[in-house]
Amino acid sequence: MNDAVREVEVAVVGAGQAGLSAGYFLRRAGLAPDSGFALLDHSPGPGGAWQYRWPSLTYGKAHRVHELPGMPLGDADPDRPSAEVVADYFARYEREFDLRVHRPVDVAAVREGDGGRLRVETGAGVWSARALINATGTWDRPFLPYYPGQETFLGRQLHTAGYRGAAEFSGRHVIVVGGGTSAVQLLMELAEVARTTWVTRRPPVFRSGPFNEEWGREAVATVERRVRQGLPPQSVVSVTGLAATEAVQRAEARGILRRQDMFDRITPHGVAWNDGRTLDADVILWATGFRAALDHLAPLRLREPGGGIAVDGTRVLKDPRIHLVGYGPSASTIGANRAGRTAVRDIRALLSGAPADPAHSATPVSERPLERVR
């Protein structure tokens, strides 16, 4: 533990896509690493949440990873684990732009500090900042719903965060719970070695055809309206539906994606419905998503009565010193890039004493291009 308080203009918490994007735009705005800003990350190495994805999720199977600003990802082997591809790319990016990420650093709490500054308390010491960009994502908060009898189940229960591959479930009956993209991916993978049953709270909606820009903007706008009202964000996929790729269509034809309504309780040997149906199972795999990892911000009392944190663009309405990137509408790789730029633009105005520009997405970025560090 370092007892000295290190002062910076901006603290960035998290070094995934959103945090690295913010670091890039802070450098581009003229702030130097370690003196102008500090980038703090709790992970052992580069890669954000991608470094924890299961090995069988290859780059070719993953959602598109949008390139970080200023540096192309380049050609990547589609058969290589996405965890490795993204970790390598992020590591190169950190070096190229000299972002000097501090890791592993666990941020325990962000509190009101002296002189209108924010006090960022970590296991590696304290940073004092005039503004904070929070880019902690969701991976550290897997969501596990409770169903009666859950504690009596004699088989194995795990969340997708703990999934490492299908081989260990060979010959088993696995119930996959959840209606998102991860559930569909895992069902297709597990069906090759195990018997599977898919249960969801609502019928899944598969969408064929291109994900065009106009339709994507409307989906993001729907999520944005919620967070502006201080409601917990929905995932973008809950608005867009599931992509009916060729692989998904083949799985549907094989009956792999035939779903059942959500069970009502869990028994020692499986699950049961109130209409008398029962189903034995060896494993319950909860593909039930994640929640925003924001517990360290609790001392600032930012939450609204609706349970979320109200933001305008990326700026927290209760405290304009704090920006959430990779939250709600920016919880995608391309959205995180844009959010990093927006947050830095507003923070530059805050640090200079000028009012923030309300036209976030329409305001052009006019800072000088940031050259790579050689």
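Overview of values
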| quantity | calculated |
| --- | --- |
| Long-range neighbours under 9 Å by Cβ, at least six apart or interchain, first residue within 14 Å of E94 (Cα to Cα) within the range 38-58, second part of a loop (DSSP other than H, G, I, E, B) and aromatic (F, W, Y) | G48/W139 |
| Residue selected from the range 259-303 under the condition in a strand (DSSP E or B) and among the basic types (K, R), by the criterion modelled with the highest pLDDT | R265 |
| Complete set of residues in the range 273-294 that are free of Cβ contacts under 8 Å to residues at least 24 places away in the same chain and either under 21 Å from L144 (Cβ atoms) or basic (K, R) (or both) | W273, R277 |
| Selection within the range 29-87 - among the polar types (S, T, N, Q), in contact with a Ser or Thr (Cβ under 7 Å, 6 or more places away or on another chain) and within 30 Å of R6 (Cα to Cα) | Q51 |
| Residue in the range 45-54 that is over 18 Å from T136 (Cβ atoms) and out of contact with any helix residue (DSSP H, G or I) (no Cβ under 7 Å at 6 or more places or on another chain) present | yes |
| Qualifying residue in the range 239-247 (condition: within 23 Å of G60 (Cα to Cα), hydrophobic (A, V, I, L, M, F, W, C), surrounded by 19 or more Cβ atoms within 10 Å (Cβ to Cβ) and modelled with pLDDT of 85 or more) | no |
| The range 304-351, subset among the aliphatic types (A, V, I, L, M), within 9 Å of A18 (Cβ to Cβ) and modelled with pLDDT under 90, residue surrounded by the most Cβ atoms within 10 Å (Cβ to Cβ) | A339 |
| Residues satisfying the stated conditions in the range 144-185, i.e. at positive phi and out of contact with any strand residue (DSSP E or B) (no Cβ under 7 Å at 6 or more places or on another chain) | G165, G171 |
| In the range 147-168, the residues that are closer than 29 Å to E192 by Cα and in a loop (DSSP other than H, G, I, E, B) | Y147, F153, L154, G155, Y163, R164, G165, A166 |
| Filter result for V101 (modelled with pLDDT of 95 or more, assigned by TED's automatic domain parsing to the domain that holds D34, touching a strand residue (DSSP E or B) at 6+ places or on another chain (Cβ under 7 Å) and buried (at least 18 other Cβ atoms within 10 Å of the Cβ)) | yes |
| Subset of the range 179-214 [buried (at least 16 other Cβ atoms within 10 Å of the Cβ), of a type in the set (V, I, T) and either part of a loop (DSSP other than H, G, I, E, B) or at pLDDT 95 or above (or both)] | V193, T196, T197, V199, T200 |
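The values are calculated or read from the model by the stated rules, or taken from the named source; none is laboratory data. What you see is a predicted model, and the numbers here were worked out from it, not measured in a lab. Glycine also receives a Cβ, built like all others from the backbone with ideal geometry; neighbour counts cover every protein chain displayed.
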